[in-house]
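The values are calculated or read from the model by the stated rules, or taken from the named source; none is laboratory data. Computed from a prediction, not measured in an experiment: that's the story for all the values here. As a convention, Cβ positions derive from the backbone with ideal geometry for all residues, glycine included, and neighbour counts pool all protein chains shown. Ligands, DNA and RNA are stripped out before the accessible areas are found, and what is left, the full protein with its side chains, is counted by its heavy atoms. Shrake-Rupley method; radii C 1.70, N 1.55, O 1.52, S 1.80 Å.
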Amino acid sequence: MVSTVMEGVAQQPRYRVKRVYDAPDAADGRRVLVDRLWPRGVSKQAAGIDEWAKDVTPSNDLRKWYHADPRTRRAEFERKYRIELGDDEHQQGLARLRREAAEGPLTLVTATKEPEYSHVPVLLEELRETPKADRR
């Protein structure tokens, strides 16, 4: 796990989750949109997004498949999304977000009505895990 050192005290990266429709605040730190599509009805200025991390989002096919029936497809969605997160592009994106979180708070921003039932919890778990290359 990546950690930072501040005044001699090691700290774990801090991740927050927020809906894009909630107002940005200073405690958010770096705000990263983690949705494949830009949120409807939200201007880039109002969203206060520092980065759009499409490279850590579920593929369009997986996103559409899950959206069709999220209640019964949750477990299979998580399994398939974790497989996608294992590819090189996703791993590079995860590594970048880990580095950014090591420098200060990182808020994952989503337009999802219920982030706890979206891809975001899986993404958070992956971000908090030791990178695959470091597991030895």
Fill in the blank from the handout: Percent antiparallel among DSSP beta bridges confined to the chain, rounded to 5, stands at 20
Handout entry: Inter-label distance, nm, simple model (7 Å from Cα along the C-beta direction), Glu129/Glu103
Key = 2.6
Completion exercise
For Ser59, Ser43, the accessible-area ranking with a 1.4 Å probe, largest leading, is Ser43, Ser59
Exercise for the section: Would you work out if the stretch 45-114 is rounded, prolate or oblate? Take a ≥ b ≥ c from the square roots of the eigenvalues of the alpha-carbon gyration tensor; rounded if a/c is under 1.5, else prolate when a/b is larger than b/c, oblate otherwise. Expected result: oblate
Problem - Ranked order, Arg31, Arg74 - accessible area, probe 1.4 Å, largest first - result: Arg74, Arg31
Handout entry: Per-peptide average of other Cβ atoms within 10 Å, ordering 60-71, 80-91 highest first
Key = 80-91, 60-71
Practice task
Using the Cα centre as the reference, give the magnitude of the dipole from point charges on the C-beta atoms of the stretch 57-130 (Lys, Arg: +1; Asp, Glu: -1; all else neutral), rounded to the nearest 20 debye.
Solution key: 220
Handout entry: FRET efficiency for Asn60 and Arg14, using Cβ-Cβ distance with R0 set to 25 Å, rounded to 0.05
Key = 0.25
Practice task
Just name one of Val34, His67, Leu124: the one whose Cα is farthest towards the positive end of the charge dipole of the chain (beta-carbon charges, Lys/Arg +1, Asp/Glu -1).
Solution key: His67
Fill in the blank from the handout: PRE zone check, label point 7 Å out along Cα-to-Cβ of Trp38, amide N under 20 Å, scope the stretch 94-121, hits 108-113
Problem - Of every Cα-Cα pair in the chain, the percent that sits beyond 21 Å - result: 42
Handout entry: Potential extension, Ile83-Arg96 segment - 0.36 nm per residue separation minus Cα distance
Key = 2.8 nm
Problem - Size of charge dipole - the stretch 15-97 - debye, nearest 20, with Cβ of Lys, Arg +1 and Asp, Glu -1, no other charges - result: 320
Fill in the blank from the handout: So Ala27 and Lys113, fully extended at 0.36 nm per residue minus their Cα-Cα distance, gain in nm 28.8 nm
